Amino acid sequence: MLDAFVPEAPVAMIGLFWITEKSVYVGAEPAGHGRGVRLTPEGVEAVGGGRRGFWAWRDVRALTVHDVQVRSSTRWLVNSVMDTVLDVATGAGEAPPAFELHVRTDEEKAELTVYTAAVGGYVQSEYELSLDLLNRFVEGTADVTRLVEWGSAEGDGVTPWRPAREALLRSWAAAP
């Protein structure tokens, strides 16, 4: 039997991260029987879809992202508007596209599926900054706690404009 995952609210999307008042996810927070990946100060956790898995940061050697839809900011804006118009006009309600987050330790490599949170794909600059931040989590030079604290204190479900999102990603990647 699959265990349903109950989503949190409100949410802010910053780069590849879906940030609630209590949690940080890569991609979208899983809903229902969806699959996702939660980042905690302690490590990486596979959630939803009946799967379980946890890897402590001290054991993680690499986090790599595969098959992410990335676009320039101009192309992203045009396509997002078109996708929204088409969805409203046709009543489309398809599942979002997915990508993979690979977690590598000395003993294993887990390939975890997550759903894309950004309609039409992620902006290139935020994608690159997100990859840098993920690498810094692995290296131990950045801490997920900063994202959780931001979500709790300032997230309030509002996704900031792109320049503010990029500034947040840079500040979170800066050495503590």
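The values are calculated or read from the model by the stated rules, or taken from the named source; none is laboratory data. Bear in mind that the values here come from a model prediction, so they are computed numbers and not experimental data. We place every Cβ from the backbone using ideal geometry, glycine too, and count neighbours over all the protein chains shown. All accessible areas refer to the heavy atoms of the entire protein, side chains included, with ligands and DNA or RNA removed. Shrake-Rupley method; radii C 1.70, N 1.55, O 1.52, S 1.80 Å.
Within region 98-123, the set of residues being touching a strand residue (DSSP E or B) at 6+ places or on another chain (Cβ under 7 Å), open to solvent by 60 Å² or more (accessible area, probe 1.4 Å) and of a type in the set (D, E, K, R) comprises Arg104, Asp106, Lys109, Glu111. Reported count of residues in region 154-170, each being open to solvent by 80 Å² or more (accessible area, probe 1.4 Å), out of contact with any strand residue (DSSP E or B) (no Cβ under 7 Å at 6 or more places or on another chain) and not basic (Lys, Arg), is 4. Within region 112-160, the set of residues being among the hydrophobic types (A, V, I, L, M, F, W, C) and assigned to a helix (DSSP H, G or I) comprises Leu129, Leu131, Leu133, Leu134, Phe137, Val138, Val144, Leu147, Val148, Trp150, Ala153. Screening the candidates Ser130, Ser125 for the property of being in contact (Cβ under 8 Å) with a residue 12 or more places away in the chain and under 16 Å from Ala28 (Cα atoms) yields one hit, Ser130.
Looking only at residues in region 147-173 that are of a type in the set (A, V, I, L, M, F, W, C) and without any contact (Cβ under 8 Å) to a residue 12 or more places away in the chain, which one is farthest from Gly43 (Cα to Cα)? Can you show your working first?
First, pick out the residues of region 147-173 that are of a type in the set (A, V, I, L, M, F, W, C): 147-148, 150, 153, 158, 161, 164, 167-169, 172-173.
Filter again for without any contact (Cβ under 8 Å) to a residue 12 or more places away in the chain, leaving 153, 161, 164, 167.
Working: Ala153: 22, Trp161: 28, Ala164: 26, Ala167: 24 Å.
My answer is Trp161.
The set of residues in region 124-136 that are open to solvent by less than 30 Å² (accessible area, probe 1.4 Å) and in contact with a strand residue (DSSP E or B) (Cβ under 7 Å, 6 or more places away or on another chain) comprises Ser130, Leu134. Only one entry of Val85, Val60, Val65 meets the criterion of being more than 23 Å from Arg165 (Cα to Cα), aliphatic (A, V, I, L, M) and at pLDDT 95 or above, and that entry is Val60.
Please tell me if Ala95 is modelled with pLDDT under 90, among the hydrophobic types (A, V, I, L, M, F, W, C), assigned to a loop (DSSP other than H, G, I, E, B) and open to solvent by less than 50 Å² (accessible area, probe 1.4 Å).
Details: modelled with pLDDT under 90: yes; among the hydrophobic types (A, V, I, L, M, F, W, C): yes; assigned to a loop (DSSP other than H, G, I, E, B): yes; open to solvent by less than 50 Å² (accessible area, probe 1.4 Å): no.
Criteria not met by Ala95.
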